Amino acid sequence: MMMLPNLLSGFLVCFCAIGAQGAVTAGQLSDLMTSLWHSDVNAATSVRVQLQGHTYTGSTSDRATSPLFSYVNDQYYFSRPTYAALLSLLDNYNHAVGSAEHTSAQESQEVTSFLDEISKTTVMQKAHDFLSQHGYVGPTWSDFETTLRQIWFATYPRHGGTYDSSGFEHVFIGETDSKGVVGFHNWIQFHLQEQKGNLDYLGYIFSKAPNTLGVHFMWLHKTKALGSFIYGTSPEFDIAMFTVCYLTHKNQHCNFSVDGHNMEVLTYEMTHGGGGHLGTGYVN
Ligand SMILES: *[C@@H]1O[C@H](CO)[C@@H](O)[C@H](O)[C@H]1NC(C)=O
């Protein structure tokens, strides 16, 4: 008889915590994002860009003869665990929309390694604490990892019926369709593709603090009218920022400030098979 009230109150506490979801103010978001920014010990702070010519989305001319990234200390940064784990994921995808993604056992292991590495960072731990306190994810890392896999790595069909896409592929790698480049919102992939000669930077459309660029470029001979990213951030910072925005503000503006600089992040949900995935996420 004594057990029943305890069980009941335990159930109610849990129920109330879930009911609290959604109450995240712009001020709380700014405090979190500023804290993540300053906790990003893996940020590539020595990266330099050369913007060159200003351009616009419909331009057909090349306003930049040199690469965007003029200096990146690849050896220093890319051997760090979270970057190395990200790099091993970059060749796991078929960028063409319409071509199915097949995940080998080794590729699944690489996803697990990436999640394991980012789980050790203060940035991801702070993002998890925040999301857990606000009722968006469970309190254990395993709860959060399940959510991260669902949002970022579960494959889904982007246009037709083929499982050709995922949030991670779209944001971190980029995809191509009949019209051009879609997604592609990560500076590391931009720099590496530029280095390989696959990407031609054509000029910038906007540039604002902190390290936020909107650029016009060609990748694999296809045009990206306007691609945007923050440069110099670690892989875990981008995962944390987009995950927080997706869970708290999906399909809406996710506005916050970092050290007083206003930022606007947009994330869109793609629902498939009863689950929600990141369709895209980018900075505006
Ligand atoms: C977010 O910021 C943009 C521009 O900076 C503004 O147009 C939009 O209304 C803002 N949204 C919210 C919900 O505050």
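Placing +1 on the Cβ of every Lys and Arg and -1 on the Cβ of every Asp and Glu, with no other charges, gives the chain a dipole of roughly 480 debye about its Cα centre. Extension gain for THR65-LYS179 works out to 38.6 nm (0.36 nm per residue, less the C-alpha to C-alpha distance). Just to confirm a number: summing +1 for Lys and Arg and -1 for Asp and Glu over residues other than THR121 whose beta-carbon lies under 15 angstrom from that of THR121, what do you get? My count for the surroundings of THR121 gives -4. Per residue, the convex hull around the alpha carbon atoms of the chain comes to 142 Å³.
Quick check: from the Cα gyration tensor, does segment 68-153 come out rounded (a/c under 1.5), prolate or oblate? Because a/c hits 1.5 or more and a/b fails to exceed b/c, segment 68-153 counts as oblate. Work through the residues other than GLY98 whose Cβ is under 14 Å from its Cβ and net out their charges, Lys, Arg +1 and Asp, Glu -1. Taking every other residue near GLY98 into account, the sum is -2. Candidate cross-link partners of LYS179 among the lysines, defined by an alpha-carbon separation under 16 Å and a same-chain spacing of 8 or more, comprise LYS222, LYS224. Label separation (GLN75 vs ASP259): 2.8 nm, computed from points 7 Å beyond Cα along the C-beta direction.
Our note on the geometry: Cα centres of segment 214-284 and segment 54-104, 15 Å apart.
Sorting the segments 203-215, 113-125 by their residues' average number of neighbouring beta-carbon atoms within 10 angstrom, most packed first, yields 113-125, 203-215. Of the residues ASN198, ASN94, ASN42, the one that moves most in a GNM of the chain with alpha-carbon contacts below 10 Å is ASN198. Projecting the Cα atoms of HIS159, HIS216, VAL111 onto the charge dipole of the chain (Cβ charges, centred on the Cα centre) puts HIS216 farthest toward the positive pole. Between ASP143 and ALA84, the distance separating the two model label sites (each 7 Å from Cα on the Cα→Cβ line) works out to 3.2 nm.
Taking other residues whose beta carbon is less than 14 angstrom from the beta carbon of GLU145, and scoring Lys, Arg as +1 and Asp, Glu as -1, yields -2. Using Cα pairs closer than 8 Å and at least 6 residues apart in sequence, work out the relative contact order for segment 47-283, in percent. Contact order relative to length: 20 percent.
A straight chain from LEU51 to GLN109 at 0.36 nm per residue would run longer than the Cα-Cα distance by 17.1 nm. GNM on the chain, alpha-carbon springs under 10 angstrom: the most fluctuating residue among GLN133, GLN150, GLN75 is GLN75.
Laboratory data are not the source of any read-out in this text; all were calculated from the coordinates shown. For clarity, every value in this text was computed on a predicted model and none was experimentally measured. With ideal geometry, Cβ positions are generated from the backbone for all residues, glycine too; neighbour counts draw on all protein chains shown.
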